[in-house]
Number of protein chains: 2
Amino acid sequence: MARVQARMETALAERLPQAGIAARLHEAMRYAALGGGKRVRPLLVFAAGELVAAKEEALLACASAVELIHAYSLAHDDLPAMDNDVLRRGRPTCHVKFDEATALLVGDALQTRAFELLAAPGLLASARQLELLATLARASGSLGMAGGQAMDLASVGKTLSQPELELMHAMKTGALIRAAVLLGAGCGRRALAAARMSKLDHFAKCAGLLFQAIDDLLDCTASTAALGKTAGKDKAAGKPTCVSLMGPAAARDYAESLRQEALQSLAGFGAKAGRLIALTNFICARQF
Amino acid sequence: MARVQARMETALAERLPQAGIAARLHEAMRYAALGGGKRVRPLLVFAAGELVAAKEEALLACASAVELIHAYSLAHDDLPAMDNDVLRRGRPTCHVKFDEATALLVGDALQTRAFELLAAPGLLASARQLELLATLARASGSLGMAGGQAMDLASVGKTLSQPELELMHAMKTGALIRAAVLLGAGCGRRALAAARMSKLDHFAKCAGLLFQAIDDLLDCTASTAALGKTAGKDKAAGKPTCVSLMGPAAARDYAESLRQEALQSLAGFGAKAGRLIALTNFICARQF
């Protein structure tokens, strides 16, 4: 994991524009995307790539694209009009370090760059690249991450049912996690057989819900210092979470059942799924 | 032109998500992208498509994608943290009609949808589609439209030289105008010969600068009612424009010289360039 994380830092640094014209914007884009983060989504891209003996160059492009989409969403979510947060990865958020207009443009331009990376010629067969690009776009857009964030904002002060909460989480967080897995598995010479793809997709859905459940638990049990972002925000903002819906003990059981289900989906893949299994456990091992 | 404008309204309406989940976001996306606008960029896509006997379905996808990028940029530019405008196309801006968080997500999701449209299978040869997608991404990102907007914000209260102003205009407005022309010309069965492509590209650059010069002139001579957006904003905000740099008479001469240069670049294309010529004149015919 440390090797992939270091490789990602270099890959992203190479793929983001240097100063030159629009220097301040470019500096802010690098600030928002470099220098931290667990790189869970890139790790998932690479781990899924193990299943198909994927091409390294294609994996790097996919991992960078997914991570830039994630970084754009953080820059925008932290803005005063959205979650109004001042701390991210232990540092001031982008609009605090720069200004709101710059943070807005940073998010816009990071999104654009993500799709530009996936449109580079020769990563994979062109038709496959278009498919992966469409997968990432669907996951990020109004029926995925952006739509989930809209639902999240609209849910403040409301009580959601578990299916409603799961739909919101599947869109807000799960869609991009799932896309990371599908993109990694799409970087092989051949597509996975349909039955295996279906198993992997089920794994990806469970992993996405698991990631959000752990995030909900951490928000109310971990310290700001440990998280690198403001703790206790969900409760303060009156946001429905697994914890507010079930209480902390049942939320932990729920997370554990998702972990089990995720791992079961990988049963047929043998040793090639080793990294995906390790990552699933890593997601759960973040400190409560 | 009226036929293309009507066709675009239908095409965009079909390509934007309906209510369902994230209903308010989808309503706001439709508000921001439908029901108005001159559709200059789609008109340019279709007009450039005439040069290469382009496929209608590919032109519609390209025109929709370019227009959604434009609509996203308007939703974000109008936000309080950027240009803080309340009127657009004669109606309240998106954040006034909905709220700031929604307008932010509207822009995000419209951008995503633009790239998703260009990744649809079978519009053109896949490698060509990737090329056009990369062209649109480069034009929209930090070295194009988003970078130009950052420069625009940074230029408030400053005096720019004419080359500095032209660079800012070429990025902020020109890049997407140019992309519209290149995308339209990319929808034929074969690519244009290099010499013709170079002429067309020069036309596109001139048209982009011309469009912004006319916009600068209109901002200080037309009424809010005629524009459908707040007039006199550049001067009030202390933004450098053609008019602030040269004065109105010289700015008109500058626009006229750009129009001449644009038309000269089309000389070798014969009757097929008829629509591009008409559009160039249409851009200039907007009322001072």
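The values are calculated or read from the model by the stated rules, or taken from the named source; none is laboratory data. Being a predicted model, the structure only gives us computed values, none of them experimental. Here Cβ is always computed from backbone atoms with ideal geometry, including for glycine, and neighbour counts include all displayed protein chains.
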- line: In segment B:1-13, anything of a type in the set (Val, Ile, Thr) and under 18 Å from the mean Cα position of the chain (by Cα) is listed as B:Val4
task: Count, please, the residues in segment B:88-116 that happen to be more than 7 Å from chain A (Cβ to nearest Cβ), surrounded by fewer than 24 Cβ atoms within 10 Å (Cβ to Cβ), under 19 Å from B:Leu68 (Cα atoms) and among the hydrophobic types (A, V, I, L, M, F, W, C).
output: 1
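Out of the residues in segment A:68-87 that are out of contact with any strand residue (DSSP E or B) (no Cβ under 7 Å at 6 or more places or on another chain) and over 22 Å from B:Glu116 (Cβ atoms), state the one that is farthest from the other protein chains (Cβ to nearest Cβ).
The first filter runs over segment A:68-87 and keeps only residues out of contact with any strand residue (DSSP E or B) (no Cβ under 7 Å at 6 or more places or on another chain), leaving A:68-73, A:75-77, A:79-85, A:87.
Cutting the leftovers down to over 22 Å from B:Glu116 (Cβ atoms) gives us A:79-85, A:87.
Values: A:Leu79: 7, A:Pro80: 8, A:Ala81: 4, A:Met82: 5, A:Asp83: 9, A:Asn84: 10, A:Asp85: 13, A:Leu87: 20 Å.
Filtering segment A:68-87 for residues that are out of contact with any strand residue (DSSP E or B) (no Cβ under 7 Å at 6 or more places or on another chain) and over 22 Å from B:Glu116 (Cβ atoms), the one farthest from the other protein chains (Cβ to nearest Cβ) comes out as A:Leu87.
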query: When B:Pro240 is evaluated against the numbered criteria (1) surrounded by fewer than 24 Cβ atoms within 10 Å (Cβ to Cβ); (2) assigned to a helix (DSSP H, G or I); (3) not aliphatic (A, V, I, L, M), which criterion, by number, is the only one it fails?
result: (2)
message: Regarding segment A:14-21, can at least one residue be identified that is surrounded by fewer than 20 Cβ atoms within 10 Å (Cβ to Cβ), at pLDDT below 95, away from every other protein chain (no Cβ under 11 Å) and within 19 Å of the chain's Cα centre (by Cα)?
response: no
- request: Could you tell me which residue of segment B:22-55 is nearest to the other protein chains (Cβ to nearest Cβ), considering only residues that are in a loop (DSSP other than H, G, I, E, B) and under 19 Å from the mean Cα position of the chain (by Cα)?
  value: B:Leu34
- request: Test A:Ala53 against the criterion of being modelled with pLDDT under 95 and out of contact with any Lys or Arg (no Cβ under 7 Å at 6 or more places or on another chain), and give yes or no.
  value: yes
query: Is at least one residue of segment A:24-38 under 29 Å from A:Glu131 (Cα atoms) and at pLDDT below 95?
result: yes
- request: Mind listing whichever residues of segment A:243-276 are surrounded by fewer than 17 Cβ atoms within 10 Å (Cβ to Cβ) and more than 25 Å from A:Gln162 (Cβ to Cβ)?
  value: A:Ala267, A:Gly268, A:Gly270, A:Ala271, A:Lys272, A:Gly274
- request: Those residues that are hydrophobic (A, V, I, L, M, F, W, C) and either outside any loop (DSSP other than H, G, I, E, B) or crowded, with 24+ Cβ neighbours inside 10 Å (or both), I need them from segment A:65-87; list them, please.
  value: A:Ala65, A:Val66, A:Leu68, A:Ile69, A:Ala71, A:Leu74, A:Ala75, A:Leu87
- prompt: Quick one: is B:Gly141 more than 19 Å from B:Ala71 (Cβ to Cβ) and out of contact with any Phe, Trp or Tyr (no Cβ under 8 Å at 6 or more places or on another chain)?
  reply: no
- line: When (1) more than 12 Å from chain B (Cβ to nearest Cβ); (2) surrounded by 14 or more Cβ atoms within 10 Å (Cβ to Cβ); (3) under 15 Å from A:Leu68 (Cβ atoms); (4) without any contact (Cβ under 8 Å) to a residue 60 or more places away in the chain are applied to A:Val4, the one that fails is (3)
- prompt: Among the listed residues B:Asp253, B:Asp216, which satisfies the condition of being closer than 20 Å to B:Ser73 by Cβ and of a type in the set (D, E, K, R)?
  reply: B:Asp216
